[in-house]
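No value in this document is a laboratory result; all are computed from the given coordinates. As the structure is a computational prediction, the values presented were derived from the model and not from experiment. Positions of Cβ are backbone-derived with ideal geometry, glycine not excepted, and every protein chain shown enters the neighbour counts.
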Amino acid sequence: MQRITIKDIAAEVGVSHTTVSYVLNNNINQRISDKTREAVLDAARRLKYIPNETARSLRKDSTECIAVALEKSVAQSRFGRLLQGIREELGAEGYGLMLMDFQMKKESKCPEYVESVLQRRTDGGYFYFFRWSAAGLQQDDRQL
């Protein structure tokens, strides 16, 4: 089955793909009639449009996602209230939360989750470790 794009919605409604993008991204700075806005949203629902978050993040140069990496022992503790607070605050700013847990290996200098943040798969990171010293981050602190 072919993935529905904003160009498909534009063709269905008879507007430009730019107009569809403005509507789907709720761009209030553009003057689009309520009738056109409703037609675009209706077509998106009917065609079962699913936004391509990878393409969106490339265009915006932002994933709008923050990683929280926790050692398994921390993730299973009474840490849930803090995570809930982080998730609520990020949500209020339009960000999602990516939660990762891992087992620390003695030979590990830099866990793969730090690498994910460094490679810009997320816009930021919060790292909480019991046994991993900050020295592991010092080599890359200019990039974090």
TODO: Could you work out how far apart the two model spin labels at Ser33 and Leu83 are, taking each label as a point 7 Å from the Cα in the direction of the beta carbon, and quote it in nm?
DONE: 4.9 nm
TODO: Measure off 7 Å from each Cα along the Cα-to-Cβ vector at Asp61 and Asp42, then give the distance between these two points in nanometres to one decimal.
DONE: 3.9 nm
Task: Vicinal HN-Hα couplings computed from phi for the stretch 47-60 (Karplus, 6.51 cos²θ - 1.76 cosθ + 1.60; Hz; Gly/Pro x) - done: 7, 6, 5, 10, x, 8, 5, 5, 5, 4, 5, 5, 5, 7
- [ ] List the GluC sites (Glu not before Pro) within the stretch 13-75 that fall in a DSSP loop (any state other than H, G, I, E or B) and whose Cβ has at most 15 other Cβ atoms within 10 Å.
- [x] Glu64
Open item on the list: Quick query: amide H of Thr63 versus all other amide H atoms, modeled in the peptide plane; which residues come in under 5 Å with a sequence gap of 5 or more or a different chain?
Closed with: Asp123
